[in-house]
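*Asks:* To start, I am sharing the structure in question, which I have written as structure tokens.
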Amino acid sequence: CTSVVAEDDEGNLFHARNLDFGIFMGWDVKNKSWIISEKLKPLVINLNFKRNNQTLFKSTNFAGYVGLLTGVKPNLFTLTMNERFNLDGGFVGILEWIFGKRDGMWMGFLMRSVLENANSYKEAQTLLVQTKLLAPAYFILGGNQTGQGCIITRSRLHSIDVLELDLKLGRWYVLETNYDHWNEPLFLDDRRTSAMKCMNQTTQTNITPKTMYDVLSTKPVLNKLTVYTTLMQVSGGKLESFIRDCPNPCMPW
Amino acid sequence: QFIPPYTEECRTEMYPPAGPTFRSAVSWYTVDLDSPPSDRWTALITDKKNDLLVVIKAIRDFANALVPSGRLVELVDISLPLMVETLPKPYGEEIKAIAAVAGLPLGEVVLYNIFYEVFTV
């Protein structure tokens, strides 16, 4: 996955993501594609969650999945998550759950609960930082005011790091793939360098959801695992998503 | 670049989406949180039932390829339905309703919903 929160010169916040999923779950040699990624594409839907006949939040989902991976609470915050691989991974959390230790939260359910219940960027950040999880993850959160955007690096039990936007330091965007931001990505899977090069080339002045779509359309940020691209703008709660293909030649991840 | 990792110059003018990197737009559905958890996904699942069956079958085939005896799928079908009662509200109830509407084994729909935790292995 690749998630980005960016702030333009006028303080508008944009959040975009590529959802990449299905690695090592069967390769279709004939069509040069991952089997599960392809089969998930028809299941991608946008959801409008309503309460009292009013939109509470919106998301991009897979039909049949009741948790959330990508969402916006109109005028308050935007949220995505990226997978974090770790030896102390989800399997340990699942085993603990089976054996009755149930103080951790399932990732997709936490995302939905945050979008449902948090009423500010800060409140959402606190929940994402403090709630015990069953598996490690990266949460990418955007707010509605200048400087409100961060990557939360989570282990199962606690928050390891929070990297925030910092305009004074020239950090007008935060970008996460699937590696801790203080470490180099695996050389075989370096989507970060390409994505950051394109963000820097775009510049803060020209950043918009449209130019973020350009960044997310550049190989290898776009790759054979990419199922969908979502563009969000907190102001007005705009969310649009597109099912993607990566024509050959294209990296498998 | 025609050798891996097939990097390219930064794309421009890709929006509005079109061409070979764009397959389709995504349709919208409404989930009414005021309706009972057992009802709120019915219309959507009725619409997407066939696509969901295809994905669940692909996951089942993958599990059977990993453990050809079929024991893994058997374990999912027997043990994961027990787990649904332990999931926080309203998620367990929603998952049960989805399995019923789609006509899928409950354990396999539970697996689909906890895939992130399973997959981070």
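*Asks:* Among B:TYR15, B:TYR6, which is the only one that is aromatic (Phe, Trp, Tyr) and modelled with pLDDT under 95?
*Replies:* B:TYR6
*Asks:* Now a separate question. Exactly one condition in (1) among the charged types (D, E, K, R); (2) touching a helix residue (DSSP H, G or I) at 6+ places or on another chain (Cβ under 6 Å); (3) part of a strand (DSSP E or B) is false for A:ARG156; which is it?
*Replies:* With (1) among the charged types (D, E, K, R); (2) touching a helix residue (DSSP H, G or I) at 6+ places or on another chain (Cβ under 6 Å); (3) part of a strand (DSSP E or B) applied to A:ARG156, the lone miss is (3).
*Asks:* Ok, one more. Restricting to helices (runs of 4 or more DSSP H) lying wholly in segment B:22-121: which have 3 or more residues that are in contact (Cβ under 8 Å) with a residue 24 or more places away in the chain and more than 11 Å from chain A (Cβ to nearest Cβ)?
*Replies:* Where helices (runs of 4 or more DSSP H) fall fully within segment B:22-121 and carry at least 3 residues being in contact (Cβ under 8 Å) with a residue 24 or more places away in the chain and more than 11 Å from chain A (Cβ to nearest Cβ), they are B:71-83.
*Asks:* Now for a separate question. Has segment B:27-36 got any residue that is closer than 22 Å to A:SER37 by Cα, surrounded by fewer than 18 Cβ atoms within 10 Å (Cβ to Cβ) and of a type outside the set (Phe, Trp, Tyr)?
*Replies:* Yes, segment B:27-36 has at least one match.
*Asks:* Being surrounded by fewer than 19 Cβ atoms within 10 Å (Cβ to Cβ) and within 11 Å of chain B (Cβ to nearest Cβ) narrows it down to one of A:ASN144, A:ASN206, so name that one.
*Replies:* None of the other options fit; the residue is A:ASN206.
*Asks:* Testing B:ALA97 on (1) in contact with a Pro (Cβ under 9 Å, 6 or more places away or on another chain); (2) at pLDDT below 95, one condition comes back false. Which one is that?
*Replies:* In the conditions (1) in contact with a Pro (Cβ under 9 Å, 6 or more places away or on another chain); (2) at pLDDT below 95, B:ALA97 misses (2) alone.
*Asks:* So which residues in segment A:185-242 are of a type in the set (Ser, Thr, Tyr), part of a helix (DSSP H, G or I) and within 16 Å of the chain's Cα centre (by Cα), if there are any at all?
*Replies:* Listed by number, the list holds a single entry, A:TYR213.
*Asks:* Show the residue pairs meeting these rules: Cβ distance below 8 Å; 6+ apart or different chains; first residue within segment A:1-28 and modelled with pLDDT under 95; second residue of a type in the set (Phe, Trp, Tyr) and in a strand (DSSP E or B).
*Replies:* What qualifies is A:GLY22/A:TRP34; A:ILE23/A:TRP34; A:MET25/A:TRP34; A:GLY26/A:TRP34; A:TRP27/A:TRP34; A:ASP28/A:TRP34.
*Asks:* For segment B:13-67, which residues satisfy the criterion of being of a type in the set (S, T, N, Q) and under 15 Å from the mean Cα position of the chain (by Cα)?
*Replies:* B:THR46, B:ASN50
*Asks:* For segment B:1-12, how many residues meet the condition of being within 7 Å of chain A (Cβ to nearest Cβ) and either under 27 Å from the mean Cα position of the chain (by Cα) or of a type in the set (A, V, I, L, M, F, W, C) (or both)?
*Replies:* 2
*Asks:* Quick check on this structure: which one of A:ASN53, A:ASN82, A:ASN48, A:ASN144 is at pLDDT 95 or above and at positive phi?
*Replies:* Matching residue, one of A:ASN53, A:ASN82, A:ASN48, A:ASN144: A:ASN53.
*Asks:* Turning to a different aspect of this structure: Taking the criterion of being within 17 Å of the chain's Cα centre (by Cα), of a type outside the set (A, V, I, L, M, F, W, C) and assigned to a strand (DSSP E or B), would at least one residue in segment A:124-136 satisfy it?
*Replies:* No, the conditions are met nowhere in segment A:124-136.
The values are calculated or read from the model by the stated rules, or taken from the named source; none is laboratory data. Keep in mind the model is a prediction, meaning the values are calculated, not measured. No Cβ is skipped: glycine too gets one built from the backbone with ideal geometry, and neighbour counts run over all protein chains shown.
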